[in-house]
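J.: If you scroll down you'll find the structure; I have some questions about it.
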Amino acid sequence: MDEEADYVARARLISTALPYMLRYDEKIVVVKYGGSTMGNDELAKAFARDITLLHTSGVFPVVVHGGGPQIGSMLERLGIVSQFRGGLRVTDEKTIEVVEMVLAGSINKEIVMSINAEGGRAVGLSGKDGNMVFAERLTGREKDPDSNIERVVDLGFVGDPTEVDRAVIDMVLKADLIPVIAPVAPGKDGHTYNVNADTFAGAIAGALGAARLLFLTDVPGVLDRNKQLIRQLTVKEAKALIADGTISGGMIPKVETCIEALERGVEGVVILNGKTPHAVLLELFTELGAGTLITP
């Protein structure tokens with residue numbers, strides 16, 4: 001009887017998820033993967049399984065990943081001291097070599113292998129492949145601690161995406177493969193640039209006209225003043241929450257990136273906790289979702 005009840009529960013689960021699976025059938029979903037989730041073997045395996053299941057169910061997943069902690073560890077091992085200005089890593093010539101090696105090399109291939117081990121067929125790429133993404137040098141800003149006056153700072157080879165050509169991604173998706181993309185891009189000046197993974201994912205999702213862009217983070221989503229999860233926001237509401245201080249600190253640039261992605265043509269952007277088991281599936285295939293959905 002218990003076994004029969006278990007099968008009935010599974011059937012109900014599939015029945016409940018089916019309308020949502022049909023909603024995203026043959027739709028592009030971009031997932032930005034990063035944070036502490038990447039450093040946890042169990043969560044990494046669950047993420048790979050979920051991406052594979054998305055692909056099997058008819059969704060076209062595109063993975064964009066970060067790797068800040070791994071870059072920091074490698075720089076430390078090589079004796080290269082990192083400097084931060086305005087909260088961003090200053091990337092000199094030595095650092096950009098390590099950044100590309102870690103992001104487009106070890107991390108990218110680990111994610112590819114994890115997805116393939118779960119039965120998926122993933123291929124690793126970076127913004128350099130097929131001139132997928134071009135970037136230009138980004139200048140940062142920081143406040144002088146004495147005068148409190150904001151000043152422009154040179155971040156070195158840190159870039160901002162300016163052009164996205166979706167041709168390579170379309171070819172990969174058409175071949176029934178899962179693109180896994182590292183946020184490294186060339187500039188028209190011949191240099192290689194390290195691009196913030198959130199910004200990079202937003203640019204990719206906008207160029208693809210994605211149905212959803214999911215940001216896997218270390219927090220449940222956008223919280224109200226009582227620290228309760230806000231399940232849905234419009235762009236207008238999100239801007240108001242930034243203005244009144246409800247959205248603050250590191251959540252501000254993340255929400256601003258969501259708004260930029262929506263302005264580029266993404267249908268909806270979600271901030272959710274990557275530590276929640278099967279967060280991607282819960283967000284896409286259940287009524288309540290798993291984080292904060294921001295829509296135009």
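J.: Quick check on region 87-142: of everything there that is open to solvent by 50 Å² or more (accessible area, probe 1.4 Å), touching a Gly at 6+ places or on another chain (Cβ under 7 Å) and outside any helix (DSSP H, G or I), which residue is farthest from GLY156 (Cα to Cα)?
T.: Among them, the one singled out is ARG141.
J.: Are there any pairs, at least 6 apart or on different chains, whose C-beta atoms fall under 6 Å, with the first in region 103-132 and free of Cβ contacts under 8 Å to residues at least 40 places away in the same chain and the second crowded, with 16+ Cβ neighbours inside 10 Å and not in a helix (DSSP H, G or I), and if so, which?
T.: LYS109/GLY124; ASN116/ALA122
J.: Of all residues being surrounded by 17 or more Cβ atoms within 10 Å (Cβ to Cβ) and not β-branched (Val, Ile, Thr) in region 283-294, which is modelled with the lowest pLDDT? Just the residue, please.
T.: GLY289
J.: If we scan region 49-68, do we find a residue that is over 16 Å from ALA197 (Cα atoms), outside any helix (DSSP H, G or I) and of a type in the set (A, V, I, L, M)?
T.: So far as region 49-68 goes, yes, one or more of its residues are over 16 Å from ALA197 (Cα atoms), outside any helix (DSSP H, G or I) and of a type in the set (A, V, I, L, M).
J.: Here is a follow-up. Here is a check on your reading of the model: is ALA210 modelled with pLDDT of 95 or more and buried (at least 19 other Cβ atoms within 10 Å of the Cβ)?
T.: Considered against the rule, which asks whether it is modelled with pLDDT of 95 or more and buried (at least 19 other Cβ atoms within 10 Å of the Cβ), ALA210 comes out as yes.
J.: Which ones in region 213-229 are more than 19 Å from the chain's Cα centre (by Cα) and loosely packed, with under 14 Cβ neighbours inside 10 Å?
T.: Correct list: ASP224, ARG225, ASN226, LYS227, GLN228.
J.: Checking the condition under 19 Å from the mean Cα position of the chain (by Cα) and open to solvent by less than 30 Å² (accessible area, probe 1.4 Å), which residue from THR276, THR257 passes?
T.: Exactly one residue qualifies, and that residue is THR257.
J.: Could you say whether any residue in region 230-237 is open to solvent by 60 Å² or more (accessible area, probe 1.4 Å), hydrophobic (A, V, I, L, M, F, W, C) and assigned to a loop (DSSP other than H, G, I, E, B)?
T.: Looking through region 230-237, none of the residues is open to solvent by 60 Å² or more (accessible area, probe 1.4 Å), hydrophobic (A, V, I, L, M, F, W, C) and assigned to a loop (DSSP other than H, G, I, E, B).
J.: Does region 241-248 contain at least one residue that is part of a helix (DSSP H, G or I), closer than 30 Å to MET132 by Cα and either in contact (Cβ under 8 Å) with a residue 12 or more places away in the chain or touching a strand residue (DSSP E or B) at 6+ places or on another chain (Cβ under 7 Å) (or both)?
T.: No - not one qualifying residue is present in region 241-248.
J.: Among the residues of region 70-83, what is the count of those that are under 22 Å from the mean Cα position of the chain (by Cα) and loosely packed, with under 14 Cβ neighbours inside 10 Å?
T.: Matching residues across region 70-83 total 1.
J.: Please return the ranges of strands (runs of 3 or more DSSP E) entirely within region 168-220 where 1 or more residues are among the basic types (Lys, Arg) and farther than 14 Å from VAL133 by Cα.
T.: In region 168-220, the matching strands (runs of 3 or more DSSP E) lie at 212-217.
J.: Cβ contacts < 6 Å: first residue part of a loop (DSSP other than H, G, I, E, B), restricted to region 257-269; second residue of a type in the set (Ser, Thr, Tyr), any location; separation 6+ or different chain. Result?
T.: Hits for this filter: GLY268/THR295.
The values are calculated or read from the model by the stated rules, or taken from the named source; none is laboratory data. None of the values given here were measured: they were computed from a predicted structure. Heads up, the Cβs are rebuilt from the backbone with ideal geometry, glycines too, and the neighbour counts pull from every protein chain shown. The area values use the complete protein model at the heavy-atom level, side chains included, leaving out ligands, DNA and RNA. Shrake-Rupley method; radii C 1.70, N 1.55, O 1.52, S 1.80 Å.
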